[in-house]
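The values are calculated or read from the model by the stated rules, or taken from the named source; none is laboratory data. All values reported here derive from a predicted model rather than from experimental measurement. Neighbour counts are summed over all protein chains in view; Cβ atoms, including those assigned to glycine, are modelled from backbone coordinates with ideal geometry. Ligands, DNA and RNA are excluded from the accessible area calculation, which covers all protein heavy atoms including side chains. Shrake-Rupley method; radii C 1.70, N 1.55, O 1.52, S 1.80 Å.
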Amino acid sequence: MCSSDLTLADRSERPPVASSPRFLLLGERDLRAALLLPGGRDPDGPLPVLLSPYAMPHALQATRWPGGLVEEQWFADRLGAAVLVIDGRGTPGRGLTWERAVAFDLSLALEDQVDGLAAAAARFPFLDTSRVAMRGWSGGGMLSALAVILRPDVVHAGVAGAPNADSRLYDTHYTERYLGMPLERPDAYDRSSPVFHARERGLTRPLLLLHGLADDNVYAAHSLALSAALFARGDTHRLTIIPGASHMGGSDDVVVGRYLAELDFLREVLLPAAR
């Protein structure tokens with residue numbers, strides 16, 4: 001039988017949420033971004049903003065594929081917020097200079113999130129920059145923790161899921177590629193570490209830490225170390241440890257649970273006017 005005689009049935013499932021991203025180039029660096037609005041429509045009034053980055057090497061978010069950005073659309077619809085996704089320096093697809101820009105300083109990705117937000121707000125006046133939160137997992141969780149510590153003037157609340165809070169605790173093949181050897185470049189590890197900045201600067205904005213206790217990629221020790229650093233300063237924050245959960249949640253029930261935990265927190269801290 002030749003291949004032309006074969007008929008393959010389509011067994012794919014359509015996601016329950018249909019994303020309606022608006023793709024953008026933002027700022028002087030033409031940051032590739034996607035903006036998702038509640039219901040996919042321009043609002044009648046101002047909207048709070050939720051930055052939802054990964055923004056680390058090896059992955060892109062602002063991409064044109066049908067199954068993409070469903071999670072972000074879900075948050076936009078249920079939170080009633082504009083969700084902004086930005087792929088900054090260090091992400092793939094824009095040449096070696098772009099990818100190598102984060103060498104010895106992964107926190108540089110935060111600068112692109114701040115610049116991208118400012119450029120988006122200049123283009124879309126309905127983005128309420130007095131009410132901005134950031135959420136992310138893994139590398140995005142690291143960035144969210146850094147955001148509320150280093151840029152509380154811009155980011156007023158953060159959700160950090162399974163954050164790489166201190167790269168000295170992470171896989172050597174990854175961290176040494178970007179940050180060098182820890183004994184030779186301790187400054188690079190400190191610049192990229194929410195734990196270090198928490199000890200130095202403290203926390204003035206609401207922060208929710210979420211971490212699976214069975215995470216064998218970014219160990220729960222990351223969130224525990226960050227929480228301990230904040231606790232030692234007397235800085236209030238929330239820590240949720242999820243028993244049995246892996247890096248991104250694991251079972252469907254656990255993933256849904258963490259989404260709902262994020263949503264409840266963001267509704268509480270983002271919908272009132274930022275103080």
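Of note:
- Taking the Cα centre of segment 25-80 as origin and assigning +1 to Lys and Arg Cβ atoms and -1 to Asp and Glu Cβ atoms, the resulting dipole is close to 140 debye.
- LEU239 long-range amide H proximity, modeled H, under 5 Å: LEU209
- Backbone amide hydrogens, once placed in the peptide plane, bring GLY212 within less than 5 Å of ALA162, ILE242, excluding anything fewer than 5 places away on its chain.
- Take every DSSP beta bridge whose two residues both sit in the chain; close to 30 percent of them are antiparallel.
- Most fluctuating residue given options ALA160, ALA34, ALA122, as computed from a GNM of the chain linking Cα atoms under 10 Å: ALA122
- Rounded if a/c under 1.5, otherwise prolate or oblate - segment 138-275, Cα gyration tensor axes: oblate
- In the context of the full set of protein chains, segment 1-108 has a per residue accessible area of 55 Å² (1.4 Å probe).
- Efficiency of FRET from Cβ geometry, ILE241 and PHE104, R₀ 30 Å, rounded to 0.05: 0.40
- Pairs of Cα atoms in the chain fall into 5 Å distance bins, from 0 up to the last occupied one, in shares of 1, 6, 13, 17, 19, 17, 13, 7, 3, 2, 1, 1, 0, 0, 0 percent.
- All other residues whose Cβ lies under 13 angstrom from that of LEU79 are scored, Lys and Arg at +1 and Asp and Glu at -1, for a net of -3.
- Whether segment 1-43 is rounded, prolate or oblate, judged on the alpha carbon gyration tensor where a/c under 1.5 counts as rounded: oblate
- Shape of segment 210-275, Cα gyration tensor, a/c cut at 1.5: oblate
- Inter-probe distance in nm under a simple model that places probes 7 Å from Cα toward Cβ, at MET181 and LEU60: 3.6 nm
- Note on the chain: with a GNM built from Cα contacts shorter than 10 Å, the maximum mean-square fluctuation among GLU71, GLU28, GLU111 falls on GLU28.
- Potential lengthening between THR204 and ALA228 on full extension [0.36 nm per residue; Cα-Cα distance subtracted]: 7.1 nm
- Over the chain: helical MRE at 222 nm, DSSP H runs n ≥ 4 each giving -39500 (n - 2.57), nearest 500: -10500 deg cm²/dmol
- For the pair ARG123 and THR7, a Förster radius of 30 Å applied to the C-beta separation gives a FRET efficiency near 0.05, rounded to the nearest 0.05.
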